[in-house]
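A short write-up of the structure that comes next.
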Amino acid sequence: MRFQEPVHMSDDHASPVWARTKRRSGGGAGGFVGLLVTLLALFGVLTAVLGIKERSLAEGGALMDGWITAGVDRARALAGQAPEAADAAVETAGEAAGATGEALESGVATAAQDLKQQ
């Protein structure tokens, strides 16, 4: 079959669609939506597995609630310990800064004595 007129590519593309190697990037939300769908699927599978194991979706849900409560309690405990750990880190850093200052003072004094002797 012959064309009466020569066929031309469109002006904005240099090669046919099937010859392009680059994929067009989707919107920025594609990764987030994929992550959200994956997490929901994992939650659904976990619910189904616990429902089968416990022979009741209610008991499986109660088991998951216990896990979530334990995680939240642990996070709150860690958050409560954070100020204490920060205070200890500040004290340690203060002691290290004081020791560094004393070492610098003694080094300056030694250097000043050496310069006076020369």
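In 10 Å bins starting at zero, report the fraction of Cα pairs in segment 43-118 per bin as a rounded %.
For segment 43-118, the binned pair fractions read 16, 18, 14, 13, 12, 10, 8, 6, 3, 0 percent.
Roll a 1.4 Å probe over the protein chains and send me the accessible area per residue for segment 55-118 in Å².
Result: 81 Å² per residue.
The values are calculated or read from the model by the stated rules, or taken from the named source; none is laboratory data. Being a predicted model, the structure only gives us computed values, none of them experimental. With ligands, DNA and RNA removed, areas are computed over all heavy atoms of the protein, side chains included. Shrake-Rupley method; radii C 1.70, N 1.55, O 1.52, S 1.80 Å.
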